[in-house]
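In what follows, a structure is listed as structure tokens, so that the remarks can point back to it.
The values are calculated or read from the model by the stated rules, or taken from the named source; none is laboratory data. Keep in mind it's a predicted model, so treat the numbers as computed, not measured. Using ideal geometry, Cβ is built from the backbone for each residue, glycine included, and neighbour counts are taken over all protein chains shown. Accessible surface is based on the protein model in full, side chains and every heavy atom, while ligands, DNA and RNA are left aside. Shrake-Rupley method; radii C 1.70, N 1.55, O 1.52, S 1.80 Å.
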Amino acid sequence: EFESPGDRAINQWIRENTPPGEPFAQTSRSLDAQTYLTFSWLTGMIFMLLRSVVSYWKLRKRVRVAIPLRKGIYIADDIDTPFVMGIFRPVIYLPGTLDKAEREYIIAHERHHIRRGDHVFKALGFLALMIHWFNPLVWVAFVLASRDMEMSCDEAVIHKFSEDVRADYSASLLNLATGH
């Protein structure tokens, strides 16, 4: 329980109108709607933070046994899709199921993410999402921004390679998307 501003005014009036020496009861209220909303917001933020920490911990556990391919590039058998991990020293992780030709396309794609700083912007976007978890427009913005980042990197890689490689790269993307 707490004393709201309205309670303070009432309690002040009671103090002023109660004869000296007589006991008086102060009023107090239970938590109001704003306090419940604040607790709900904080609970949602804590839930999002804990969920991301657990997901990060599980992912780190899966890539712990990754084999280095080159500097900053690792191959892990326990992952299904390539990704960049890390903010200050980003590292590329590739699934072990990729063949050599696919690796080069995917490495070019992930390096383009690093060059543009997508890993930093995505982390900042998730921070905004964590703070505004209750806002569906922030969720939509985060999903659409992530999708745009991926499509932009795909387009950059397609323009980087020759015409004959585009079909192979598109097939690689399709294989990664469908899991076949």
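Among the residues of segment 84-99, write down those that are touching a strand residue (DSSP E or B) at 6+ places or on another chain (Cβ under 9 Å), at pLDDT below 95 and not aliphatic (A, V, I, L, M). Answer for segment 84-99, where residues must be touching a strand residue (DSSP E or B) at 6+ places or on another chain (Cβ under 9 Å), at pLDDT below 95 and not aliphatic (A, V, I, L, M): Pro95, Gly96. For segment 133-142, the set of residues classified as open to solvent by 80 Å² or more (accessible area, probe 1.4 Å) and assigned to a loop (DSSP other than H, G, I, E, B) consists of Phe134 only. Tallying residues that are at pLDDT 70 or above and open to solvent by 80 Å² or more (accessible area, probe 1.4 Å) within segment 24-39 yields 4. Tell me, yes or no, whether segment 13-23 has at least one residue that is of a type in the set (Gly, Ala, Ser), open to solvent by 50 Å² or more (accessible area, probe 1.4 Å), free of Cβ contacts under 8 Å to residues at least 24 places away in the same chain and farther than 29 Å from Glu155 by Cβ. Scanning segment 13-23, I find at least one residue that is of a type in the set (Gly, Ala, Ser), open to solvent by 50 Å² or more (accessible area, probe 1.4 Å), free of Cβ contacts under 8 Å to residues at least 24 places away in the same chain and farther than 29 Å from Glu155 by Cβ, so the answer is yes. Restricting attention to segment 66-97, the residues being β-branched (Val, Ile, Thr) and over 23 Å from the mean Cα position of the chain (by Cα) number 3.
Once segment 143-180 is narrowed to residues that are assigned to a helix (DSSP H, G or I) and polar (S, T, N, Q), the residue that is modelled with the highest pLDDT is Ser146. Taking segment 61-119 as the range and being within 25 Å of Phe142 (Cα to Cα), open to solvent by less than 30 Å² (accessible area, probe 1.4 Å) and assigned to a helix (DSSP H, G or I) as the test, the residues that pass are Ile106, Ile107, Ala108, His109, Glu110, His113, Asp118.
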